[in-house]
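Take a look at the structure set out below.
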Amino acid sequence: MIDIGDKAPDFNLPASGDRSQLSLADSNGPLVLFFYPRDDTPGCTKEAIAFTGMEAEFSALGVTIWGISADSLASHEKFAAKHALSMPLLADEDNAVCEAYGVWKEKNMYGKKFFGIERATFLINADGTIAQAWRKVKVHGHAEAVLDAAKALAT
């Protein structure tokens, strides 16, 4: 499992919006990488909308925001259009990046066990190291907490 100070695992994934692929090197500075379980579900929608609403504040700090889930690029495009999401959403359909970041976990819902993405966010320094990690994220107030950490990083 990666932790603060570790080198962030690199990746190259299909991305929604005007970029066909994105890799860690494309971030050009600090990066917020948020992993979420599924497009267009209540919690994931609230989280993505919260990050979109604060994107200008992150941008003013030189921080980029990207979301990652195992959904397809077509699903991401629909999700982004439906909710006016401005940040790229990356499609990790084989879960390789989720596994590299330690967010592909066994889950238990209503007594049924399955594997899926544990909601998590990583603030990555411009040098590619993990500055902060949030695991088992609760959506309410999370984007604000990440913004506070990004502000502390910028000072």
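The values are calculated or read from the model by the stated rules, or taken from the named source; none is laboratory data. This structure is a prediction, so every number in the text was calculated from the model and none was measured. Counting neighbours? That spans all protein chains shown, and the Cβs are built from the backbone with ideal geometry, glycine included. Note: accessible area is taken over every heavy atom of the protein model, side chains too, but ligands, DNA and RNA are not part of it. Shrake-Rupley method; radii C 1.70, N 1.55, O 1.52, S 1.80 Å.
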Q | Lys, Arg +1 and Asp, Glu -1 on Cβ, resulting dipole of segment 1-112 about Cα centre, debye, nearest 20 | A | 320 debye
Q. Mind listing which trypsin sites (Lys or Arg not before Pro) in segment 78-155 are in a DSSP loop and have 15 or fewer other Cβ atoms within 10 Å?
A. LYS136, LYS138
Q.
Whole angstrom only: what separates the Cα centroid of segment 81-97 from the Cα centroid of segment 19-44?
A. 6 Å
Q. Once the other residues with Cβ under 11 Å from the Cβ of ASP71 are scored (Lys, Arg +1; Asp, Glu -1), what is the net sum?
A. -3
Q.
Per residue, how much accessible surface does segment 81-155 expose to a 1.4 Å probe? Answer in Å², no decimals.
A. 54 Å²
Q) In a shell of Cβ-Cβ distance under 15 Å around ARG135, excluding ARG135 itself, what net charge do Lys and Arg (+1) and Asp and Glu (-1) give? A) -1
Q. Expressed as a whole percentage, what fraction of the accessible surface of the chain belongs to carbon and sulfur atoms when a 1.4 Å probe is rolled over the protein heavy atoms?
A. 52 percent
Q: Could you run the Debye sum over the Cα atoms of the chain, one equal point scatterer each and no solvent, and tell me log10 of I(q)/I(0) at q = 0.10, 0.12 Å⁻¹, two decimals?
A: -0.31, -0.45
Q. Given the Cα-Cα distance of SER86 and ILE49 and 0.36 nm per residue of separation, how much length would full extension add, in nm?
A. 12.4 nm
Q.
Probe radius 1.4 Å, ligands and nucleic acids left out: which of MET54, MET87, MET109 has the largest accessible area, and how do the rest follow?
A. MET109, MET54, MET87
